[in-house]
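S.K.: Would you mind keeping the following structure in view while I ask a few things?
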Amino acid sequence: MFRDSNAIVRNVHSQVADRIGISIVRGDIAAGEALPSEMEICKLIDVSRTVVREAIRTLTGKGLLESRAKSGTRVRPPKQWNQLDPDVLRWQLETSDVDSYLTKLFQLRCAVEPSAAALAATRAGEDDVARIRSGYDGMVAAKVNESFVIADIAFHQAIYFATRNEFFWPIAQMFEITLRQSFTIAARGTHRARALLEHRAVLDAITARDAEGARKTTTILLNQAAADLVKIRGRDFTKRGKTPSVVNSTGPTRSKRK
């Protein structure tokens, strides 16, 4: 059987970019510090210089690195990273304290999702509404948690796409990577019947073209979802500012990053 050698090379590029990217996000190489030379990386990882260069180009495109003629390739500050890039999101999730990361994501959802639902109520086409309804129907039909989570993610993604505003779409695209863990945790609870009612209320408001109703029902849904996570994880995922402490914990939450 013939193999696509280009595909194999691309896969090696991705693996090297993955290793370097995780190291940067974890803080092994601080912002402003230079990467080891290409030859050093080649020896450390045992790959060709071509592969290393392609990996560096990939990470540069994601905002993690910048190359200058006399100063070499250096790590950029996190504020300059493409934080919605799927790989950057995955690396953040893999190297961060889970609860702290979920708190930040919930803050983003609480700030944006009610507005997305309100906009969807006025902008959604029939096909958009059909996709939202399909997500809801999948939740109703789900027999196991995994199916429920898949349908739940599809429901919320469809709302963001239904805004017909491309600046909302990256948030929808990140759900599969970043919110699967949050949704999976929540699916373990006994709240499913109530959650279905809340999702149905959002669907009905969008279908009725009721923007304010969509905003309010989405806010209720998010608040209840946060309350469910508090019960399951013992942590408030909606607090702003300082990272909230663990409730009823036997010890402090430990972060993977210093």
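The values are calculated or read from the model by the stated rules, or taken from the named source; none is laboratory data. Keep in mind the model is a prediction, meaning the values are calculated, not measured. Positions of Cβ are generated from backbone atoms using ideal geometry, with glycine treated the same way; all protein chains shown enter the neighbour counts. These accessible areas exclude ligands, DNA and RNA; they are computed on the full protein's heavy atoms, side chains included. Shrake-Rupley method; radii C 1.70, N 1.55, O 1.52, S 1.80 Å.
S.K.: At a probe size of 1.4 Å, how large is the accessible area of Phe148, to the nearest 10 Å²?
M.R.: Ignoring ligands and nucleic acids, Phe148 comes out at about 10 Å².
S.K.: Can you find, among Tyr136, Cys110, Leu93, the residue farthest towards the positive end of the dipole of segment 1-148? Put +1 on the C-beta of Lys and Arg, -1 on that of Asp and Glu.
M.R.: Among Tyr136, Cys110, Leu93, the one farthest towards the positive end of the dipole of segment 1-148 is Leu93.
S.K.: For segment 1-139, what does the alpha-carbon gyration tensor say about shape, rounded, prolate or oblate, given a ≥ b ≥ c as the root eigenvalues, a/c under 1.5 as rounded, and a/b over b/c as prolate?
M.R.: prolate
S.K.: Can you give me the Kirkwood hydrodynamic radius for segment 122-226, using every pair of distinct Cα atoms, in Å to one decimal? Display every interim value, and only then the final one.
M.R.: Numbers: mean 1/r = 0.0729 Å⁻¹.
So the Kirkwood estimate lands at 13.7 Å.
S.K.: Which of the trypsin sites (Lys or Arg not before Pro) found in segment 13-85 are loop residues per DSSP with 16 or fewer other Cβ atoms within 10 Å of their Cβ? Mind showing how you got there, number by number?
M.R.: Details: sites: Arg19, Arg26, Lys43, Arg49, Arg53, Arg57, Lys62, Arg68, Lys70, Arg74, Lys79; in loops: Lys62, Lys70.
Listed in order of number, the matching sites are Lys70.
S.K.: Modelled label-to-label distance, Glu66 and Ile220, 7 Å Cα→beta-carbon offset: nm?
M.R.: 4.9 nm
S.K.: Further, regarding this structure: Give me the accessible area of Phe168, 1.4 Å probe, in Å² rounded to the nearest 10.
M.R.: Accessible area of Phe168: about 40 Å².
S.K.: Right, something else. By its C-alpha gyration tensor, with a ≥ b ≥ c as the square roots of the eigenvalues, how is segment 78-186 shaped: rounded for a/c under 1.5, else prolate for a/b larger than b/c, else oblate? Don't jump to the answer; show the numbers that get you there.
M.R.: Details: a/c = 2.22, a/b = 1.27, b/c = 1.75.
Oblate, because a/c is 1.5 or more while a/b does not exceed b/c.
S.K.: Taking all protein chains as present, what is the carbon and sulfur share of the accessible area of segment 1-148, in % to the nearest whole number, probe 1.4 Å? If you can, show how the numbers build up before the last one.
M.R.: On the way: 4200 of 8110 Å².
That share works out to 52 percent.
S.K.: Shifting gears a bit: Segment 28-73: which GluC sites (Glu not before Pro) are DSSP loop and have at most 15 other beta-carbon atoms within 10 angstrom? Present the calculation step by step, with values, prior to reporting the outcome.
M.R.: Numbers: sites: Glu33, Glu38, Glu40, Glu54, Glu66; in loops: Glu33.
When the GluC sites (Glu not before Pro) of segment 28-73 are filtered for loop state and at most 15 Cβ neighbours within 10 Å, Glu33 remain.
S.K.: Any chance you could run the full-extension gain for Gln15 through Asn82? It's 0.36 nm times the residue separation minus the Cα-Cα distance, nm to one decimal.
M.R.: Numbers: separation 67, 0.36 × 67 = 24.12 nm, distance 1.90 nm.
Roughly 22.2 nm would be gained on extension.
S.K.: Here's a follow-up. How large is the accessible surface of Lys216 in square angstrom, using a 1.4 angstrom probe and rounding to the nearest 10?
M.R.: 120 Å²
S.K.: OK, next. Which sequence of Cys110, Cys42 reflects their accessible areas, 1.4 Å probe, from the largest down? Spell out each step's value before the answer.
M.R.: On the way: Cys110 35, Cys42 15 Å².
The ordering from most to least exposed comes out as Cys110, Cys42.
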